[in-house]
1. Using a simple charge model, +1 on the beta-carbon of Lys and Arg, -1 on the beta-carbon of Asp and Glu, nothing else, what dipole does the range 8-360 show about its Cα centre, in debye to the nearest 20?
2. Mind checking the full-extension length gain between Glu37 and Ser159? Use 0.36 nm per residue of separation minus the Cα-Cα distance, one decimal, nm.
3. For Glu300 and Ser171, what is the calculated FRET efficiency with R₀ set at 41 Å and r taken between the beta-carbons, to the nearest 0.05?
4. Which whole-number percent of Cα pairs in the chain have a distance greater than 29 Å?
5. How much net charge surrounds Cys161 when only other residues with a Cβ under 11 Å from its Cβ are counted (Lys, Arg +1; Asp, Glu -1)?
6. Label point 7 Å out from Leu259 along Cα-to-Cβ: which residues of the range 109-149 have amide N under 18 Å?
7. Taking θ as phi - 60°, what are the ³J(HN,Hα) couplings along the range 235-240 by the Karplus curve (6.51, -1.76, 1.60), each to the nearest whole Hz, with x for Gly and Pro?
8. Can you run phi through the Karplus equation (6.51, -1.76, 1.60; θ = phi - 60°) for the range 181-191 and list ³J(HN,Hα) in whole Hz, with x for Gly and Pro?
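Nothing in this text is a laboratory measurement; each read-out follows from the coordinates by a stated rule. None of these values were measured; they are calculated from a predicted model. Cβ sites come from the backbone with ideal geometry, for glycine too, and all protein chains shown count toward neighbours.
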Amino acid sequence: MIQSFSKHGIVIPTFNGHLKEVSDLLRSFNSMVYDAEDIEISLIVSRDEIETFRTLLSKYDRMKHVKIKSLHQIAMDNDGVDIGDEGLFLKRIGKFNFQAAKKLYGVLSSNSEWTLVLDSESLVIRPCCFADVFRSYEGQCPIFICDVPGPGYQQEIISNCASMLGLPESSTWFMDSQNWFYQRQQVNDLFDRLRKTNQRPLATLLESSGDIFPEVLFNYFVFSRTDQSTYTFHRSEDVLREFLGKDHYSQYIEKVSRLKTTPLEYLAWVIDETNYSGLMKLFNAFNLRLFKYDDRHGIESNTLLQRKFIEENSEILILPCLVSRTSFRIGPVLVPANFKESSTSQMLFVKMTRLLRKLFGNIS
């Protein structure tokens, strides 16, 4: 039975090696989100990791909304397949497909109408009502797609996904952003399509499919449906041309080409003074709440602009897939390490808002 449209959840595929990252993410969530206990969070792990994560959760208050699920159990419960020992399953299908299985089965097992998938290395950085994060996305449901930058792993990923779906090979890359929101009915329909096309459950299919990305698989499936009106698809090249203007767009694409990446997925690496204001307008126009901060390249001017972009756009609430070589502060949050709750005005405001919500109902 499909839950009400106001029911939202988060799926976090993780493992023992990311205990600290999961701890930081959950504490940032519980410290920053007014309606934290209304959002079901599912940690997807292997069976032999469940007790470790239970011990982690026992150290903190207000974690009753966090569920720990084993990949083995949710594959059995939702797709009728016994994957056996998860360690051996990982060896059979490889790390990309193992992560894909965690994400897709995690979303399938969710009780939510809408589910956001976050990697362990993510943080909530501003006080917010998380239901509003979902509602702002639901207003447009944008998925950004672009041309494949050239032969290589991306074309291989698309080919593998197309084969699984029984669709023609495409020259479009269906994952040019970090907004990984899944609508439940579309996920159910995706699994139905995979079963009918391949006569095998997803877990078995992943053993011979070649590497896939779940976002590409899902987005290509939705894109192929002529009867769906939930999601809207936007070509990154067209959107950037509109918001940057002809000259700045050309400079932007030249940078993207040199980096051998796609236009929006690694936007953080391409941001500079010439495109800064246009990218800010783009984020605001599409109600984008996630920004993938990444300073691995070590270029100080770009790193400072990424931080400025986050600081000046108060609508950015989540840093997904966070990669940071050095720490920096956004309000009370030290990114990325050593997130600590404090008695700052923002933290007090979150606590007061929670109290008001309990007394007078949902407010935002």
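1. Details: 41 positive and 45 negative charges, 153 e Å.
Its charge dipole is roughly 740 debye.
2. Working: separation 122, 0.36 × 122 = 43.92 nm, distance 4.04 nm.
The span from Glu37 to Ser159 would gain 39.9 nm if fully extended.
3. On the way: r = 36 Å, r/R0 = 0.89.
That gives a FRET efficiency of 0.65.
4. Values: 27576 of 66066 pairs.
In whole percent, the long-distance tail amounts to 42.
5. Working: positive: none; negative: Glu156, Glu169, Asp211, Glu215.
Charge balance in the 11 Å sphere: -4.
6. 144-149
7. Along the range 235-240, the couplings run 6, 4, 4, 5, 5, 5 Hz.
8. 9, 10, 8, 4, 5, 5, 5, 4, 5, 4, 5
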